[in-house]
Every structure is written in C-alpha cells, then in structure tokens.
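Data block below; observations after.
The values are calculated or read from the model by the stated rules, or taken from the named source; none is laboratory data. Owing to the predicted nature of the structure, the values given are computational and were not obtained by experimental measurement. Counting neighbours? That spans all protein chains shown, and the Cβs are built from the backbone with ideal geometry, glycine included. When the accessible area is computed, the model is the full protein with side chains, heavy atoms only, and any ligands, DNA or RNA have been set aside. Shrake-Rupley method; radii C 1.70, N 1.55, O 1.52, S 1.80 Å.
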Amino acid sequence: MNIIAQSCGVVLLLILIYFYCKNKRLKLYSENAFLKLLFVSLITLIMDISSIVAIVYADSLPAWVWQTVCKGYLISLIWTIYTANKYVCIDLYKVEKIYKRTVTVVRTLFLVGALVIVILPISYQHKERYQIYTEGASVLATYVLALLLVLAIVYQVYYYNTMLNRHRKHAITVWVCLWFVAAAIQFFNNQLLIVGFSIALANMIMYLVVENPEASIDKETGLFNQDGLRLYMKQMYERGISFAMVV
C-alpha cells in the first residue's frame, strides 16, 4: 500500500506533539490553537492511511463503508485548513467580536463544504500496488474548498500584514506555498499522495520558526524569560484581561 509518506508524516507529528506538550508553555491563545492544529493534522493523516486501506479491501467491504472512510478523509483535510485559519486569525484580530465573526464565516464555509463532500459521488482507482487514490466530484469539490480556505489565509495575512511580526508572516508564507505545491503535484499525479506529509512538514516549519516553547524559557533556570513575559503581557493587554505581576 502507498502509505510511506503518510506514515512518515504521522511519526513527525507525534514527535512534534510530544515535544510541544513536554515543554512548559505560557498557555497563550496561539499556543493552544497550534496544539489543536497538530492534533487535527494527525487525525487527517490517520484518515488518509485509513482511506487507502479501505480502497485496498473495497471489494470485500460494503460500498458505504469505504465511501464513508474516504469521504471522512476529505472532510478531515478541509478541517485541517479550517483549523489553520483559526490559528492565523488569533494573531490578526485582537478584538474578540471581529475574531468570532471571521471564524464564523470560515466555519460556515467548512460546514457547507463538508456537506457537499458527503452528498457528491466518489470513486477510486486501484490499478497497481502504488496507484491507489480516490476520484470523482467529491474529490474535485475538496480541491476547490481547500483552495478557497487557503486563499482566505493568504488574503488575511497580506491584507492585515501589519498585525503580524516578520517571522510569523514568513513562516505562514512558506507554510501556504508548501500546501499549494503539494496539492498541485497530487492533483496532476493522483498516485503521488503527498498532501498529508506536506501538512506535517508545514507544521514542523511553524514549530521551528514561531511556535517552539523553548524560545520563551531561560536555559539556566528553566523559568520563562523576558520574551515570554512580553508575549504574555501583550495578550493580556490586547484581550483586555486584568492581571497582576510581582517583581
């Protein structure tokens, strides 16, 4: 079965989740959103592997079983991009009302898209050992929805570019470009199932550049450093939350 790339992605995400949870964190909104993104990405990769297994044994399974698993993977893929949108919105919209309104719009698009994927037909190809993939209207709808959600990220990042620091903006740009390249390659070469691994690789880039908890920890004392204090105070001020500090 063609699950080598997906298996590597699962291992990579498990390592990222382990180190992200192992280190002390400030429990910032962006940190919680990124952790959720890691888990949703892991679910997507597991669903990707499950869909391939379902196709391999499709002849011995009822049609609704393999169709449910395959469509579940497509929905989880859209769910990952929706979660990425929420992660980006946390840094862009400091006003709670604007953040919730924007997330509601993206959530509506995700839910409508999931319904469309469920309704539209899906089929599969299983020609050789490494030529296993899904096709049909449901798959095409997934590509369109994924493109819309990714473009929503691009629009927000560059329309509100002054809200993001340079490192985060650069990381998100690389992140989105990686998705575009992987999706384009898989669209024109259906047997190359690399979208799932590209998601894991993109998360690793975000972890290394902007979401590494160790960047906010003093190496000698193991306590949060000045950068951590700055990030924490910035969130408290922007959200209008009262807090006290002892020096």
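The set of residues from region 110-129 being at pLDDT below 90 and surrounded by 12 or more Cβ atoms within 10 Å (Cβ to Cβ) comprises 123, 124, 125, 126.
Can you tell me which residue within region 12-65, out of those that are in contact with a strand residue (DSSP E or B) (Cβ under 9 Å, 6 or more places away or on another chain) and closer than 23 Å to residue 219 by Cα, is most open to solvent (accessible area, probe 1.4 Å)? So the residue we want is 24. Selection of region 166-225 for residues being within 18 Å of residue 16 (Cβ to Cβ), more than 21 Å from the chain's Cα centre (by Cα) and of a type in the set (D, E, K, R) yields only 214. Among the residues of region 219-233, are any touching a residue at least 40 places away in the same chain (Cβ under 8 Å), among the hydroxyl-bearing types (Ser, Thr, Tyr) and surrounded by fewer than 19 Cβ atoms within 10 Å (Cβ to Cβ)? Among the residues of region 219-233, at least one is touching a residue at least 40 places away in the same chain (Cβ under 8 Å), among the hydroxyl-bearing types (Ser, Thr, Tyr) and surrounded by fewer than 19 Cβ atoms within 10 Å (Cβ to Cβ), which makes the answer yes. Please indicate, with yes or no, whether at least one residue in region 156-178 is open to solvent by 30 Å² or more (accessible area, probe 1.4 Å) and among the small types (Gly, Ala, Ser). No, that holds for no residue. Scan region 1-8 and tell me whether some residue there is open to solvent by 30 Å² or more (accessible area, probe 1.4 Å) and β-branched (Val, Ile, Thr). Yes: region 1-8 contains one or more residues that are open to solvent by 30 Å² or more (accessible area, probe 1.4 Å) and β-branched (Val, Ile, Thr).
Of all residues in region 76-95, those that are open to solvent by less than 40 Å² (accessible area, probe 1.4 Å) and either of a type in the set (A, V, I, L, M, F, W, C) or modelled with pLDDT of 90 or more (or both) total 12. Only one entry in 145, 140, 149 is open to solvent by 80 Å² or more (accessible area, probe 1.4 Å) and either under 22 Å from the mean Cα position of the chain (by Cα) or at positive phi (or both), namely 140.
Here is the figure for region 192-218: residues that are open to solvent by 50 Å² or more (accessible area, probe 1.4 Å) and in contact with a strand residue (DSSP E or B) (Cβ under 8 Å, 6 or more places away or on another chain) total 1. Remark: residue 186 matches the filter, which requires a residue to be polar (S, T, N, Q) and either in contact with an Asp or Glu (Cβ under 6 Å, 6 or more places away or on another chain) or surrounded by 16 or more Cβ atoms within 10 Å (Cβ to Cβ) (or both).
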